[in-house]
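The values are calculated or read from the model by the stated rules, or taken from the named source; none is laboratory data. Quantities reported herein were computed from a predicted structural model and do not represent experimental measurements. So basically every Cβ, Gly included, is an ideal-geometry build from the backbone, and we count neighbours across all protein chains shown.
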Amino acid sequence: MNCIHFGECGSCVLGGSYEEQKALKIAKISADFSEFYDGELEFFTSSEKNYRIRAEFGIWHDKYDICYTMHARQKGRKIFINECPKVAKPIAKLMPDVLKNLQSNEMLKTRLFGVEFLACTSGVLLTLLYHKKLDENFQNELKVFANKLNITALARSRGQKILSDELSLIDELEIDKKIYKLSLSENAFTQPNKAVNEKMISWARGCVQNSSDLLELYCGHGNFTIPLSSCFTRVLATEISKSSILNATKNYELNNINNVLFLRMSADELMSAFKKEREFNRLREIDLDEFNFSHILVDPPRAGLSQSVINFIKNYQNIIYISCNPDTLKENLLELCKTHQVVKFAIFDQFANTHHIECGVLLRVKPRN
Ligand SMILES: C[S@@+](CC[C@H](N)C(=O)[O-])C[C@H]1O[C@@H](n2cnc3c(N)ncnc32)[C@H](O)[C@@H]1O
């Protein structure tokens, strides 16, 4: 990899050419999932540089200077870095200016221990993380700093959150030649590799045939929901995070969509509601039995699906499973493949130069003998 920190930095640890990395990932997934699938594995490539729209760095202080740090390959150690080739171009451009402007500012520099960048179409949000109480003059100083760099800045300390300006994070995704506008949260999940995310959503749209309604669990801010909604009559989409659901509802309006119902519920709460084990105020005016789901879409966290979710989704014809952890995907497929077969399998290379593998699997119910 063309990075001066490669070999030392604990973030990118997979060397070799991109073609070699691709072959390695395909070989691993083919071998690990051979009992479920022996068809063609689709591979969606990433750019090797400037692909990450989110990035986090530590801040190291000596007597006068500050510097960015990353965790080192050697456990428990840190390395100093000046640049990171995988961050999106607007972040790469800002990194030296942010450091320079912080270095000369005692109020903003003191007890700063980390920074997070998020780059989207509407601009860059920089979050500054502190081990100190932020006093009443802090916001003015933050505003001057943010204006100078033409960004929005957010300072966080225990129990405190100060913004330089009103926060509006809007990203635009182009999927199958259509632009979608998505409002994002600063503190909730967003897909880190925008170009691969667009390919992943397009792949999921390509999995839809003979559709009626969609049930989506773990929907976040509607990243899949909004672009997939036109493939279905109605969509029920649920998610545990309050801020993600607030944005999902905003995104519904931003994109003039009128067939999606977003609900803030954990996956297991929704399973209890379907089984009528519990009543929920949020469902008072909703009859879950009115939906006719032809497809289920799940994009769970690394832990994968709970037994109650598996038991429920097994009753439906088509399951689109997006997974960020091949180990839990495999565990869940052991169960799901008792009733379903894998008809499509894709690898989305969200993180070049790392061992991380994101998969997409389309499962269809097995024909009855
Ligand atoms: C891998 S992210 C996917 C989000 C979204 N599909 C996207 O593409 O941006 C997983 C999501 O599951 C949510 N989540 C975590 N545990 C959950 C649970 N028990 N029930 C429902 N949602 C959960 C997280 O808040 C997060 O938004």
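Table: residues versus (1) at pLDDT below 95; (2) within 11 Å of the ligand (Cβ to nearest atom); (3) not aromatic (Phe, Trp, Tyr).
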| residue | (1), (2), (3) |
| --- | --- |
| 180 | no, no, no |
| 192 | no, yes, yes |
| 202 | no, no, yes |
| 228 | no, yes, yes |
| 235 | no, no, yes |
| 244 | no, yes, yes |
| 247 | no, yes, yes |
| 262 | no, no, no |
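Take the conditions of a type in the set (S, T, N, Q), closer than 28 Å to residue 250 by Cα, at pLDDT 95 or above and touching a strand residue (DSSP E or B) at 6+ places or on another chain (Cβ under 9 Å) and apply them to residue 157. Does it pass? In short, yes. Going by the structure shown, is residue 292 without any contact (Cβ under 8 Å) to a residue 60 or more places away in the chain, more than 10 Å from the ligand (Cβ to nearest atom), within 28 Å of residue 210 (Cα to Cα) and assigned by TED's automatic domain parsing to the domain that holds residue 329? It is false that residue 292 is without any contact (Cβ under 8 Å) to a residue 60 or more places away in the chain, more than 10 Å from the ligand (Cβ to nearest atom), within 28 Å of residue 210 (Cα to Cα) and assigned by TED's automatic domain parsing to the domain that holds residue 329. Right, residue 279: more than 26 Å from residue 128 (Cβ to Cβ), buried (at least 16 other Cβ atoms within 10 Å of the Cβ) and out of contact with any Asp or Glu (no Cβ under 7 Å at 6 or more places or on another chain) or not? So residue 279 fails the test.
Pairing each residue of segment 234-256 that is charged (D, E, K, R) with any residue that is in a helix (DSSP H, G or I) and more than 11 Å from the ligand (Cβ to nearest atom), provided the two are 6+ apart or on different chains, yields C-beta distances under 9 Å for 234/290. Among the residues of segment 1-24, which ones are of a type in the set (A, V, I, L, M) and under 18 Å from residue 75 (Cβ atoms)? If the condition is that a residue be of a type in the set (A, V, I, L, M) and under 18 Å from residue 75 (Cβ atoms), then 13, 14 are the ones that fit.
In segment 264-276, the condition of being of a type outside the set (Ser, Thr, Tyr), over 21 Å from residue 306 (Cα atoms) and more than 11 Å from the ligand (Cβ to nearest atom) is met by no residue. Inspect all residues belonging to segment 138-158 and state whether any of them is in contact with a Pro (Cβ under 9 Å, 6 or more places away or on another chain) and either in a strand (DSSP E or B) or without any contact (Cβ under 8 Å) to a residue 12 or more places away in the chain (or both). So far as segment 138-158 goes, no, none of its residues is in contact with a Pro (Cβ under 9 Å, 6 or more places away or on another chain) and either in a strand (DSSP E or B) or without any contact (Cβ under 8 Å) to a residue 12 or more places away in the chain (or both). I'd like the residue in segment 212-221 that is buried (at least 16 other Cβ atoms within 10 Å of the Cβ) and either more than 21 Å from the chain's Cα centre (by Cα) or near the ligand (Cβ under 8 Å from one of its atoms) (or both) and, out of all such residues, is nearest to residue 235 (Cα to Cα). Filtering first and then ranking leaves 213. Would you confirm whether or not segment 76-93 contains a residue that is assigned to a loop (DSSP other than H, G, I, E, B) and β-branched (Val, Ile, Thr)? There is no residue in segment 76-93 that is assigned to a loop (DSSP other than H, G, I, E, B) and β-branched (Val, Ile, Thr). Any chance you could count how many residues in segment 325-369 are surrounded by 15 or more Cβ atoms within 10 Å (Cβ to Cβ), within 16 Å of residue 310 (Cα to Cα) and among the polar types (S, T, N, Q)? Of the residues in that region, 3 qualify. Cβ-Cβ distances below 7 Å connect the following pairs, each with a first residue in segment 126-137 that is surrounded by 17 or more Cβ atoms within 10 Å (Cβ to Cβ), a second residue that is small (Gly, Ala, Ser), and a separation of six or more residues or different chains: 126/153; 128/153; 128/155; 129/114; 130/155; 130/157; 134/155; 134/157.
Taken as a whole, the structure leaves residue 145 outside the set of residues that are surrounded by fewer than 20 Cβ atoms within 10 Å (Cβ to Cβ) and either within 11 Å of the ligand (Cβ to nearest atom) or under 21 Å from residue 111 (Cβ atoms) (or both). With respect to (1) away from the ligand (no atom under 16 Å from the Cβ); (2) buried (at least 21 other Cβ atoms within 10 Å of the Cβ); (3) within 21 Å of residue 89 (Cβ to Cβ); (4) not β-branched (Val, Ile, Thr), the lone exception for residue 155 is condition (3).
Within segment 17-34, if we keep just the residues that are out of contact with any Gly (no Cβ under 8 Å at 6 or more places or on another chain) and aliphatic (A, V, I, L, M), the residue that is surrounded by the most Cβ atoms within 10 Å (Cβ to Cβ) turns out to be 29.
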